[in-house]
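Notes for the one structure printed next.
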Amino acid sequence: MSPRVPMLDLRPQIDALWPELERCTHEVLRSGRFILGPNVEAFEQECAAYLGVRHAVAVNSGTDALLIGLRALGIGPGDEVITTAFTFVATAEAVSHTGATPVFVDIRADTFGIDPERVRAAIGPRTRAILPVHLFGHAADMDPLLSIAKEHDLVVLEDVAQAFGATYEGRKLGSLGAAAAFSFFPAKNLGAYGDGGLLTTDNEGIAQQARALRVHGSVERYAPTCLGYNSRLDELQAAILRVKLPHVDRWNEARRRVAKEYDERLRTIPGVQVPIEASYAHHVYHQYTARILEGRRDQAKLALEAAGISSAIYYPKPLHQLSIYAGSETRLPITEQASKEVLSLPISPDLPSDTIAEIATTLAAGL
Ligand SMILES: *Cc1c(COP(=O)(O)O)cnc(C)c1O
């Protein structure tokens, strides 16, 4: 049985945009052009303008944006990439697929972002890159990361899959590192109706390399100069994303209002810690993730479930504890504790106030 209150319901947004969606999808179908056409080009330019970057290269998924980004930055076998274990598996998977090794370091307890001091301590002779994740829509602490990278001649690739439109010290995420990877998976803050991703950079060479990698390593057709991928965005997704892009700021602000309502209702419940917004961050709440203390998280989740309310644990197993990365002796106490305490509650720009109130009451009663 599907829950009465799902984590995310995309249908109100689809209904609201229906006339535009109908028009743009019909136009694409009638055009007979489906892969890397005029909508993809226009979407790349609109994203570059929105994010304040020189180049945006649309690809097949966020995972591919990470992989192609790493490859375009020259990361490969023998290299080490310092990243977080408190993220979706795709972050580290992309590193591994280049032949490089992800080196996991701990996070800060307050924002779940990678801890710059741990990054500094993990730098070795093979370290080539830092891969911070702007988790749940909240910026990683970029200035210290960027200065550490500069000091040690490393590149920074941002994982912005969960944070389209969020900022760090007023600067758009995805414009701060050497390159950045976005995802348009349907549930993300800017979501397509299928898979999609984007690589952004100010560097012409990196952009060119990424454009080649997404079409089998060829700048000129049938003349590949490196081993690439089939990783293109299609016209239907680009047309849909172009309809949605002008609304993303409004949706993010609506998410912030929902988060504020949650904060007010949850912060007085003993044993619940509401998410924190650091002074440098403008949070876009891809997830509203609270901590449930004293070992009561799973019981809280069950209480919500019994009332027909969804909740989710992002992420129950930190990456260094997955079988694919096991064997590492890494201990990440802050990450491990977070994975035992976090609980993400339903959030969308149009989540009604009475539903928020009901979720808070049910949570309080279940503790
Ligand atoms: C969703 C996500 C990805 C992967 O994006 P896809 O489009 O699903 O491939 C990568 N990193 C993080 C942090 C994500 O949340």
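The values are calculated or read from the model by the stated rules, or taken from the named source; none is laboratory data. In this text the structure is predicted, and so the values were computed from the model without any measurement. In this analysis, Cβ positions are derived from the backbone assuming ideal geometry, glycine residues included, and neighbour counts consider all displayed protein chains. Heads up: the accessible areas ignore ligands, DNA and RNA and are worked out on the full protein's heavy atoms, side chains in. Shrake-Rupley method; radii C 1.70, N 1.55, O 1.52, S 1.80 Å.
Which residues in region 30-46 have a backbone N closer than 12 Å to a point placed 7 Å from the Cα of Glu220 along the Cα-to-Cβ line? None, by backbone N distance to the label point. The P(r) of the chain has a tail past 28 Å containing 45 percent of all C-alpha pairs.
Placing pseudo-labels 7 Å out from each Cα toward the beta carbon at Glu41 and Thr361 gives an inter-label distance of 5.6 nm. Computed from the Cβ-Cβ distance with R0 of 30 Å, the FRET efficiency linking Arg171 to Asp263 stands at 0.75. Membrane-span-like helices in the chain, defined purely by DSSP H runs whose alpha carbon atoms cover 24 Å or more axially and whose average Kyte-Doolittle hydropathy reaches 1.6, do not occur.
Measuring nothing but alpha carbons in region 216-362 and taking Rh as the Kirkwood radius, the Rg to Rh ratio lands at 1.10.
Give me the mean projected area, in nm² to one decimal, of the convex hull enclosing the Cα positions of region 10-74.
One quarter of the hull surface, i.e. the mean projection, equals 5.9 nm².
Dividing the helix sum by the residues of the chain, where each DSSP H run of 4 or more adds -39500 (n - 2.57), gives a mean residue ellipticity at 222 nm of -12000 deg cm²/dmol. Solvent-accessible area of Phe43, all protein chains in place: 0 Å² (probe radius 1.4 Å, heavy atoms, ligands and nucleic acids excluded).
Rounded to the nearest 0.05, what FRET efficiency do Glu93 and Ser353 give with R0 = 35 Å and r taken as the Cβ-Cβ distance? Could you check? Intermediate results must be reported in sequence, preceding the final value.
Values: r = 39 Å, r/R0 = 1.11.
It comes to 0.35.
Estimated at 0.36 nm per residue, the fully extended path between Ile324 and Ala49 surpasses their Cα-Cα distance by 95.1 nm.
Projected label points at Glu294 and Glu336, each 7 Å from Cα along the beta carbon direction, are separated by 2.4 nanometres. Label point of Glu151 set 7 angstrom out along Cα-Cβ; within region 87-125, amide nitrogens under 13 Å from it belong to 116-124. Note on region 107-253: Cα-Cα pairs beyond 25 Å make up 37% of the total pair count. Remark: spin-label model distance Arg126-Arg11 equals 5.1 nm, labels positioned 7 Å along the Cα→Cβ axis.
Computed over protein heavy atoms with a 1.4 Å probe, the carbon and sulfur contribution to the accessible area of region 266-367 reaches 52%.
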